[in-house]
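**Student:** Quick one: the structure is below, questions incoming.
Where a number appears in this text, it was derived from the coordinates with a stated rule and is not lab data. Note that the structure is a prediction, hence the values are computed from the model and not measured. Every residue, glycine among them, receives a Cβ derived from its backbone with ideal geometry; neighbour counts consider all protein chains shown.
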Amino acid sequence: MNIIDVLDKGYVRLVDTLGSDLTIANAARVSYAKESKSLTDRDIRLIKFLAREDHTSPFRHAMLQFEVYAPLMVARQWWKYIVGSSHQEGIGDSLNAWNESSRRYITEQAEFYIPQKDEWRSIPENSKQGSGPCIDWELGKEYTKKLMDYADDGLKLYNQAMQDNICAEQARLFLPAYGLYVRWYWTASLQSVAHFIQQRIEKDAQKEIQEYAKAILELSKAAYPVSLESLFD
């Protein structure tokens with residue numbers, strides 16, 4: 001399995017990987033001019049030691065590449081990890097890459113994230129951000145319809161503008177932004193991926209990005225089971 005569906009129309013696909021758990025062990029062993037040919041219990045103990053003692057550089061020798069299709073509100077929250085990576089100790093911005101589809105150049109079908117009637121969440125009581133329990137489904141049904149109508153109106157205006165020969169980079173202004181699905185490639189080191197997962201899988205993270213973090217975790221575990229378990233421990 002290299003693809004996991006997320007939300008109503010989104011997904012995460014593992015495109016490629018560089019290295020394995022053995023890569024992490026050998027990146028550490030090179031200090032002593034040593035190398036393992038296959039993963040052994042000794043290598044596993046070494047990986048666990050590296051993670052426990054916060055010796056993180058070996059985990060940056062393994063890379064993962066994902067294709068992500070998500071609402072813009074998720075994409076822009078995710079993007080903070082690309083911008084912020086250059087300010088984290090030991091994580092250079094060269095270890096994160098992000099390439100996103102652009103409606104300046106393409107006119108692919110516009111799709112929008114529409115929460116179902118039982119998915120609208122209330123304002124939390126004791127926080128200025130995040131969300132609380134789901135609201136009554138009847139009110140949720142009303143807002144699902146309102147959002148569908150809003151997206152439909154914006155899409156009609158977008159298509160009309162394109163038909164009237166308005167350039168794509170301006171016509172896209174009519175598309176309701178935050179719910180609009182966008183597609184991108186994300187390539188990052190195993191350490192960067194683990195950092196993203198650890199922060200966005202927490203219960204106080206926005207629920208929509210939690211679902212993407214869970215998908216990233218499941219796809220990453222298949223490629224780096226020992227290293228991810230060690231980093232999370």
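**Student:** Measure up Lys34/Lys80; Lys156/Lys214; Lys146/Lys207; Lys37/Lys80; Lys34/Lys214; Lys141/Lys221 against 32 Å on the Cα-Cα distance and list the ones that go over.
**Tutor:** On the way: Lys34/Lys80 37 Å; Lys156/Lys214 34 Å; Lys146/Lys207 21 Å; Lys37/Lys80 38 Å; Lys34/Lys214 35 Å; Lys141/Lys221 37 Å.
Exceeds cut-off: Lys34/Lys80; Lys156/Lys214; Lys37/Lys80; Lys34/Lys214; Lys141/Lys221.
**Student:** Please report, in debye to the nearest 20, how large the charge dipole of the chain is about its Cα centre when each Lys and Arg carries +1 at its beta carbon and each Asp and Glu carries -1 there.
**Tutor:** Details: 28 positive and 33 negative charges, 101 e Å.
So the dipole magnitude of the chain works out to roughly 480 debye.
**Student:** Lys/Arg Cβ at +1, Asp/Glu Cβ at -1, dipole of the range 114-178 taken about the Cα centre: which of Gly154, Gln116, Ile166 is farthest positive-ward?
**Tutor:** Most positive-ward Cα: Ile166.
**Student:** Another question about this same structure. Determine, from the Cβ-Cβ distance of Phe232 and Met148 and an R0 of 22 Å, the FRET efficiency 1/(1 + (r/R0)^6), rounded to the nearest 0.05.
**Tutor:** On the way: r = 39 Å, r/R0 = 1.76.
The computed FRET efficiency comes out at 0.05.
**Student:** Which net charge results for the neighbourhood of Thr107, defined as the other residues with beta-carbon distances under 15 angstrom from its beta-carbon, given Lys and Arg at +1 and Asp and Glu at -1? Let's see the in-between values first.
**Tutor:** On the way: positive: Arg103, Arg104, Lys156, Arg172, Arg183; negative: Glu108, Glu111, Asp164, Glu169.
With Lys, Arg at +1 and Asp, Glu at -1, the net is +1.
**Student:** Ok, one more. Mind giving me the nanometre distance, one decimal, between the label points for Arg183 and Leu18, set 7 Å out from Cα along Cα→Cβ?
**Tutor:** It works out to 2.4 nm between the two label points.
**Student:** Multiply the residue gap between Lys156 and Glu53 by 0.36 nm, knock off their C-alpha separation, and tell me the result in nm, one decimal place.
**Tutor:** On the way: separation 103, 0.36 × 103 = 37.08 nm, distance 5.60 nm.
Going from the current span to full extension adds 31.5 nm.
**Student:** Give me the net charge for the shell around Lys37: Cβ to Cβ below 14 angstrom, other residues only, Lys and Arg +1, Asp and Glu -1. Present the calculation step by step, with values, prior to reporting the outcome.
**Tutor:** Working: positive: Arg29, Lys34, Arg42; negative: Asp21, Glu35, Asp43.
Around Lys37, the charge tally is 0.
**Student:** At 7 Å along the Cα-to-beta-carbon direction for both Lys141 and Ile166, put a label point, then send me their distance in nm to one decimal.
**Tutor:** Placing both labels 7 Å along Cα→Cβ, they lie 3.5 nm apart.
**Student:** Near Tyr158, within a Cβ-to-Cβ distance under 13 Å, what is the net charge of the other residues, with Lys and Arg +1 and Asp and Glu -1?
**Tutor:** Values: positive: Arg103, Lys156, Arg172; negative: Glu108, Glu111, Asp152, Asp153, Asp164, Glu169.
Around Tyr158, the surrounding residues sum to -3.
**Student:** With springs only between Cα atoms under 10 Å, which of Arg42, Arg200, Arg13 fluctuates most in a Gaussian network model of the chain?
**Tutor:** For the chain, modelled as a Gaussian network with Cα springs under 10 Å, the answer is Arg42.
**Student:** Could you pull out which residues in the range 171-212 have an amide N less than 17 Å from a spot 7 Å beyond the Cα of Val30, following the Cα-Cβ vector?
**Tutor:** Inside the label zone: 189-191.
**Student:** Moving on to the next point. Any chance you could list P(r) for the chain, counting all Cα-Cα pairs in 10 angstrom bins from zero, rounded to whole %?
**Tutor:** 7, 27, 29, 21, 11, 5, 1
**Student:** Related question: Quick one: angle between helix 72-84 and the longest Cα principal axis of the chain, in degrees between 0 and 90, rounded to 10, please.
**Tutor:** Compared with the principal axis, the helix lies near 40 degrees.
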